[in-house]
1. Identify the residue in the range 142-176 that is under 22 Å from residue 101 (Cα atoms), in a strand (DSSP E or B) and without any contact (Cβ under 8 Å) to a residue 40 or more places away in the chain and, among all such residues, is least open to solvent (accessible area, probe 1.4 Å).
2. If I ask for residues that are in contact with a Ser or Thr (Cβ under 9 Å, 6 or more places away or on another chain), open to solvent by less than 10 Å² (accessible area, probe 1.4 Å) and among the aliphatic types (A, V, I, L, M), which ones from the range 314-343 would you list?
3. Tell me, which residue of the range 28-49 that is in a helix (DSSP H, G or I) and either in contact with an Asp or Glu (Cβ under 7 Å, 6 or more places away or on another chain) or without any contact (Cβ under 8 Å) to a residue 12 or more places away in the chain (or both) is least open to solvent (accessible area, probe 1.4 Å)?
4. In the range 338-349, which residues are outside any helix (DSSP H, G or I) and among the small types (Gly, Ala, Ser)?
5. Taking residue 135 and the conditions (1) touching a residue at least 60 places away in the same chain (Cβ under 8 Å); (2) surrounded by fewer than 18 Cβ atoms within 10 Å (Cβ to Cβ), which numbered condition does it fall short on, given that it satisfies the others?
6. Hey, among 115, 109, 203, 119, which residue is touching a Gly at 6+ places or on another chain (Cβ under 7 Å) and at pLDDT 95 or above?
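The values are calculated or read from the model by the stated rules, or taken from the named source; none is laboratory data. Quick caveat: nothing in here was measured; it's all calculated off a predicted structure. As a convention, Cβ positions derive from the backbone with ideal geometry for all residues, glycine included, and neighbour counts pool all protein chains shown. What goes into the accessible areas is simple: the full protein's heavy atoms, side chains included, and nothing from ligands, DNA or RNA. Shrake-Rupley method; radii C 1.70, N 1.55, O 1.52, S 1.80 Å.
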Amino acid sequence: MDQQSIREGLLRLAANHRWTWAVSARSLLDSLPGTAPGRHPYQVVTTLGEAQMEALEGDPRFVERLGAELTDLDAVLDGARPATIAYCSPEFGIAARLPQYSGGLGVLAGDHLKAASDAGLPLVGVGLFYREGFFRQVIDGGVQSERYVTLDPDTLGARDTGVEVTVPLPGRDVAARVWTLEVGRTTLVLLDTDLDGNEADRAITDRLYGGDRRHRLEQEMVLGVGGARALEALGIEVTVYHLNEGHAGFITLELIDRLINGGDLEGAMESVRSSLVFTTHTPVPAGIDKFSHELIAPYLALWARRWGVDFDDIWGIGVDPEDDDEFNMAALALRLCRSANGVSRLHGEVSRSLFAGVGIGDDITHVTNGVHARTWVGDEAQYLYDEVAGRAWEAGDERAWARISELGTGQIGTLRHSAAVRLGERVREATGHEVNPESLIIGFARRFAPYKRATLLLERREELEALLENSERPVHFLFAGKAHPMDVPGKQQLADIVAYAEERGPKGGFTLIPDYDMEIAGALVEGCDVWLNTPIRPREASGTSGQKAALNGALNCSILDGWWAEMFDGQNGWAIPESEGPEGRNRFESASTLEVIAEIAATYYTDRASFVDRIRHSWKTLGPKVTAARMLQDYEREIYLTR
């Protein structure tokens, strides 16, 4: 293999984001000279110099590994089928080095695409390319500030399709370039308005969740209308449009536009309904995307004039059932889709109550979220799982997870200790804090939103101090997460955690890791012994971080909310007792959380065999249930193939 073939092969491998979950491909690309944290492999390959290429050409082991990876990639891509399902989402978490996600919704979307690739499901993703992505978190004086870095799609493995589409907005048409990213066998289509000629509209796709309500509205118009037009321009014949939350709901405008005949809006809506499915992710009204009548009226009026129908006919499709001056994106989806689902059993129940009487709101079902196993299980654990159970564990095979659950105590101990050591090294580099790998390490990592209650433990500082000061049973709490730039209460919770961590000091057993992303998340779910989750029930629609931790051998300690409410069996982790009402809830549940953690610490230090037995039971009972492969099978059987 000559230098040109090596470079072309590396570019091909780096452009296909299967490297993010294929351990050997990731290892190969990360071994290249010039690799650095946050730097995308595609950019690394494009900047390799002549001397570096000569060295690679002269390394037979490297050439052999590259050839094997390309052969494997060819085998994967040979199974691709033309896409018929369009998965539409405002964000996609493929890898930390592709920062087009903010949190759980985006990471779930990325896992969905990866699972579709693994299964050979004919699915295409549709989203936006944000030139500044989501923010990098800077903590100065205990306060979060946001820093944005301009991204170049050419250095992230994106391909310019040469296609541009236009989206009608009041007074002008906005052009959007169409990029594609390859996620294994699955293509991700991304729209980008940073084009000459768009003037101020270049900024529509500048940042994820970064602007005012008009900015959000225009982003969603580009995502929905532009997304549908991009798929058509690319020749992708879609039979099912899956709306991952309501942000892409304006895709319905373009689909109706193709079918409306002589102003027959009802007939067009009925035809569109057969191809639309909707997943809701919020259990509270405040989480629903809404636009005021004053803001959205000029945008909807364009379509009313185009179709020759009354404005009120279009307004009525999305009018909020509780406020007739608001256009509700969830209501729009529910009135125009054939099926809808929540993301856990409990969330399905809550959603039926929340959306009762709105479209098909009374018939909302559920598909419980899952996580892409190869992305979230640590490399060392993957090698061990493959050795003892074959590859079927990644698909949630019960027999494979039963074999994993039979690992010896020594094997489990070695695996857990190695992961804790690696996590400790990352924490020390990021914060200067020391983590004893022999201590009980408890992780809490997620968006800093008030209902998630990152500061719950601080409600009972005396009991918390007693845990942290017990030198015979040391406990180390690790926190990570970002608050939305406009979330003042969330930022205050983050500041409170930082202040307490600084008060405790580098050896105080309480640490916040800054600038949370997928790489930090991976280290945490791999290295923590216990995963803590303390939401106000039932405001956690599903949650998936605890699923990732469980696959790695961590045990969950959580309020019975989201996915944990249906999968906890009394022995595969711990349930936190809840208050009977809102009065005094935080104080009560803080105390009960600390009591459970004290119980966990006692088991960890005085009855390690019992603790390890819980790990085995967690693997056996949760492994088959929490994978994205299982989730995708549920979607295919219960959502995509139904009519």
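1. By that ranking, first place goes to 145.
2. If the condition is that a residue be in contact with a Ser or Thr (Cβ under 9 Å, 6 or more places away or on another chain), open to solvent by less than 10 Å² (accessible area, probe 1.4 Å) and among the aliphatic types (A, V, I, L, M), then 330, 332, 333, 334, 336, 340, 343 are the ones that fit.
3. First, the residues of the range 28-49 that are in a helix (DSSP H, G or I): 28-30, 41-46.
Now narrow it down to the ones that are either in contact with an Asp or Glu (Cβ under 7 Å, 6 or more places away or on another chain) or without any contact (Cβ under 8 Å) to a residue 12 or more places away in the chain (or both): 28, 30.
On the way: 28: 0, 30: 65 Å².
Among them, the one singled out is 28.
4. The initial filter retains those residues of the range 338-349 that are outside any helix (DSSP H, G or I), namely 338-344.
339, 340, 342, 344, listed by residue number.
5. (2)
6. Values: 115 fails: touching a Gly at 6+ places or on another chain (Cβ under 7 Å); 203 fails: touching a Gly at 6+ places or on another chain (Cβ under 7 Å); 119 fails: touching a Gly at 6+ places or on another chain (Cβ under 7 Å).
That would be 109, the only listed residue that is touching a Gly at 6+ places or on another chain (Cβ under 7 Å) and at pLDDT 95 or above.
Residue by residue, here is whether (1) more than 26 Å from the chain's Cα centre (by Cα); (2) closer than 16 Å to residue 453 by Cβ; (3) of a type in the set (Lys, Arg); (4) surrounded by fewer than 19 Cβ atoms within 10 Å (Cβ to Cβ) holds:
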| site | (1), (2), (3), (4) |
| --- | --- |
| 532 | no, yes, no, no |
| 542 | no, no, no, no |
| 545 | no, yes, no, no |
| 555 | no, no, no, no |
| 561 | no, yes, no, no |
| 582 | yes, yes, no, yes |
| 587 | yes, yes, yes, yes |
| 607 | yes, no, no, yes |
| 615 | no, no, no, no |
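Yes or no, residue by residue, for (1) in contact (Cβ under 8 Å) with a residue 40 or more places away in the chain; (2) more than 17 Å from residue 533 (Cα to Cα); (3) of a type in the set (S, T, N, Q); (4) touching a Phe, Trp or Tyr at 6+ places or on another chain (Cβ under 9 Å):
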site	(1), (2), (3), (4)
411	no, yes, yes, no
422	yes, yes, no, no
433	yes, yes, no, yes
461	no, yes, no, yes
464	yes, no, no, yes
472	yes, yes, no, yes
479	no, no, no, yes
483	yes, no, no, yes
